[in-house]
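The values are calculated or read from the model by the stated rules, or taken from the named source; none is laboratory data. Since this is a predicted model, take the numbers as computed values, not measurements. In this analysis, Cβ positions are derived from the backbone assuming ideal geometry, glycine residues included, and neighbour counts consider all displayed protein chains.
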Amino acid sequence: MARTPIFLSKRLVRFAILVIVFLFIILNLGSQTKKVNVIENKDDYRKVSGTGTNIDGIDKIDVLKTVASAAAVMADSQKNDAKANLKAGEAAEIVPPKHELTQKEKLAAVEASIKKINPSDTMSFINQFQGVKGTRPKACFVTLVRNSELHGLVDSIRMVEKRFNAQFKYDWIFLNDEPFTEEFKKTVQKEVSSTVKFGLIPEEHWSYPNYIDQTKAAKAREDMAHIIYGSSESYRHMCRYQSGFFWRHPLLDEYDWYWRVEPDIKLYCDINYDVFQWMQDHEKVYGFTITIHEYEDTIKTLWKTSMDFFKQHSDYLAKDNLMKFLSDDNGKTYNLCHFWSNFEIANLNLWRSPAYKAYFDYLDHAGGFFYERWGDAPVHSIAAALIIPQDKLHYFSDIGYHHVPYDNCPLDPVVFKNNNCDCDQGNDFTFQSYSCGKEYFEAAGLEKPEGWEKYRD
């Protein structure tokens with residue numbers, strides 16, 4: 001009886017594999033194109049995030065390696081086919097099937113690929129996921145919000161939709177430490193013009209780690225009752241979450257960029273360009289609108305703890321960093337300046353980088369989020385100013401923004417007019433004494449706008 005040539009059998013196998021992969025992609029695309037995605041219990045969270053692998057933030061790398069492996073296998077197979085065709089009519093050699101990697105071996109391969117990246121070079125890590133210039137970025141809005149803040153959130157959504165997102169249609173992710181109510185979800189879906197996703201924060205990201213002394217933490221809240229949010233336990237969980245966990249939520253895994261939006265904010269001007277596209281195409285990493293001094297009593301040991309970390313890991317420091325923005329004496333003391341993090345347009349891979357994850361872990365074990373009242377704003381700011389070059393940061397002087405009680409109002413008259421701004425330039429906070437705008441411009445070597453002194457109080 002005639003026998004089927006081996007190379008034809010291989011083609012049939014490859015065809016079957018391609019069909020299976022194609023069906024897998026179609027099924028996944030179908031699930032991602034739904035208007036609303038919801039992750040609102042621990043089981044869903046673990047199912048999506050794949051917890052248990054102990055490899056945070058490598059989903060994209062895993063995908064890249066899988067695609068590369070598949071391409072290599074196909075290339076090898078094509079070579080074998082060519083050899084088989086050259087030997088037509090000869091007896092086919094029976095080749096034993098290649099060893100199929102187990103899940104454990106696949107994870108080991110991914111870990112090995114990560115180790116090849118210089119962990120001290122944050123930009124090399126970020127650039128792995130840098131989108132192609134001119135292509136639409138993988139970006140979203142992110143909002144951490146309670147059900148009780150719905151009214152203020154709707155005001156913010158309407159502002160963002162009117163001034164920006166009605167034109168650009170980026171996804172919007174809402175996160176909460178409690179399940180969202182049906183009223184909340186239905187109301188939000190009506191207001192947002194793009195895809196909406198609701199996520200529940202896993203308990204382990206909004207609770208005390210086992211290395212925190214809760215009695216000591218309670219005493220700290222008691223002692224700090226005279227300071228704004230000083231007695232608040234939930235505020236501390238929020239600051240810790242924004243510092244070290246929001247970017248780990250599985251709903252953000254498919255994105256490289258985010259714009260943080262909070263309830264009760266205002267956008268004073270039209271934004272007629274794609275800010276994510278601009279950040280991507282100009283190879284920026286972190287964007288902000290307002291700078292400010294921190295309450296010193298809330299972060300008494302943050303600077304020392306941070307400098308202790310960077311003394312141990314000096315290779316994490318970018319060569320052309322922005323230490324001058326943070327310190328007036330080359331790092332000996334902290335001048336309290338930071339970027340106000342209630343507005344951030346930034347690359348998620350900054351926080352996913354080995355340098356930042358190591359920095360956050362060091363801070364977290366020091367306990368200052370609970371024993372003091374370390375905020376995510378100075379934590380983000382210290383990291384962004386030190387582990388990436390200063391030219392990767394960007395001040396959005398053209399975005400009119402308000403978060404109680406401060407304004408960022410464009411001072412350029414042409415920008416103000418062309419973008420239909422409706423803020424009072426006299427209230428712009430950039431160069432007021434409690435702001436750190438002057439310090440930022442000088443540290444970054446930027447030219448201040450004409451007449452900036454008259455806005456100095």
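What number of residues in segment 272-281 are buried (at least 19 other Cβ atoms within 10 Å of the Cβ) and more than 19 Å from residue 356 (Cβ to Cβ)? Count: 3. Scanning segment 314-330 for residues that are in contact with a Cys (Cβ under 9 Å, 6 or more places away or on another chain) and among the aliphatic types (A, V, I, L, M) yields a single hit, 326.
Quick check on this structure: which one of 310, 369 is hydrophobic (A, V, I, L, M, F, W, C), touching a Lys or Arg at 6+ places or on another chain (Cβ under 7 Å) and not in a loop (DSSP other than H, G, I, E, B)?
369
Screening 243, 231 for residues that are among the small types (Gly, Ala, Ser), without any contact (Cβ under 8 Å) to a residue 40 or more places away in the chain and closer than 23 Å to residue 149 by Cβ leaves exactly one candidate, 231. When segment 402-421 is limited to residues that are over 19 Å from residue 448 (Cβ atoms) and surrounded by 14 or more Cβ atoms within 10 Å (Cβ to Cβ), the one that is farthest from the chain's Cα centre (by Cα) turns out to be 418. Does residue 417 satisfy the criteria of being basic (Lys, Arg), in the same structural domain as residue 264 (by TED's automatic domain parsing) and either within 17 Å of residue 336 (Cβ to Cβ) or not in a helix (DSSP H, G or I) (or both)? So residue 417 does not fit the description; no.
Of note, residue 307 satisfies the criterion of being more than 23 Å from the chain's Cα centre (by Cα), at pLDDT 95 or above and among the aliphatic types (A, V, I, L, M).
Cβ separations smaller than 6 Å between residues 6+ apart or across chains give the following pairs from segment 201-217 residues that are of a type in the set (S, T, N, Q) to residues that are modelled with pLDDT of 95 or more: 214/208. In segment 189-198, the condition of being touching a helix residue (DSSP H, G or I) at 6+ places or on another chain (Cβ under 6 Å) and within 19 Å of residue 299 (Cα to Cα) is met by no residue.
Of everything in segment 331-356, what is out of contact with any Cys (no Cβ under 8 Å at 6 or more places or on another chain), assigned to a strand (DSSP E or B) and closer than 24 Å to residue 404 by Cβ? Give them in sequence order. Residues satisfying the conditions are 339, 344, 345, 346.
Here is a yes/no grid of residues against (1) outside the structural domain of residue 358 (by TED's automatic domain parsing); (2) hydroxyl-bearing (Ser, Thr, Tyr); (3) exposed (fewer than 14 other Cβ atoms within 10 Å of the Cβ); (4) touching a Cys at 6+ places or on another chain (Cβ under 8 Å):
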site	(1), (2), (3), (4)
201	no, no, no, no
205	no, no, no, no
220	no, no, no, no
228	no, no, yes, no
247	no, no, no, no
268	no, yes, no, yes
283	no, no, no, no
292	no, no, no, yes
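Scanning segment 187-199 for residues that are more than 15 Å from residue 258 (Cβ to Cβ) and within 17 Å of the chain's Cα centre (by Cα) yields a single hit, 198.
For the structure I just gave you, tell me whether residue 193 is in the same structural domain as residue 162 (by TED's automatic domain parsing) and in contact with an Asp or Glu (Cβ under 7 Å, 6 or more places away or on another chain).
Yes: the conditions hold for residue 193.
One line per residue, one yes/no per condition, for (1) under 24 Å from residue 348 (Cα atoms); (2) at pLDDT below 95; (3) touching a strand residue (DSSP E or B) at 6+ places or on another chain (Cβ under 6 Å):
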| position | (1), (2), (3) |
| --- | --- |
| 221 | no, no, no |
| 225 | no, no, no |
| 233 | no, no, no |
| 238 | yes, no, no |
| 241 | yes, no, no |
| 245 | yes, no, no |
| 248 | yes, no, no |
| 251 | yes, no, yes |
| 255 | yes, no, yes |
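All of 380, 394, 402 fail the test of being in the same structural domain as residue 333 (by TED's automatic domain parsing), assigned to a helix (DSSP H, G or I), of a type outside the set (S, T, N, Q) and closer than 24 Å to residue 336 by Cβ, apart from 380. Determine whether segment 422-435 contains at least one residue that is farther than 21 Å from residue 273 by Cβ, acidic (Asp, Glu), assigned by TED's automatic domain parsing to the domain that holds residue 244 and surrounded by fewer than 19 Cβ atoms within 10 Å (Cβ to Cβ). Yes - at least one qualifying residue is present in segment 422-435.
Scanning segment 139-198 for residues that are outside any helix (DSSP H, G or I) and surrounded by fewer than 19 Cβ atoms within 10 Å (Cβ to Cβ) yields 146, 169, 177, 178, 179, 181, 193, 194, 195.
On the given criteria, is residue 300 surrounded by fewer than 19 Cβ atoms within 10 Å (Cβ to Cβ), in contact with a strand residue (DSSP E or B) (Cβ under 6 Å, 6 or more places away or on another chain) and either in the same structural domain as residue 235 (by TED's automatic domain parsing) or in a loop (DSSP other than H, G, I, E, B) (or both)? The answer is no for residue 300. For segment 371-381, residues that are over 16 Å from the mean Cα position of the chain (by Cα) and surrounded by fewer than 24 Cβ atoms within 10 Å (Cβ to Cβ) total 2.
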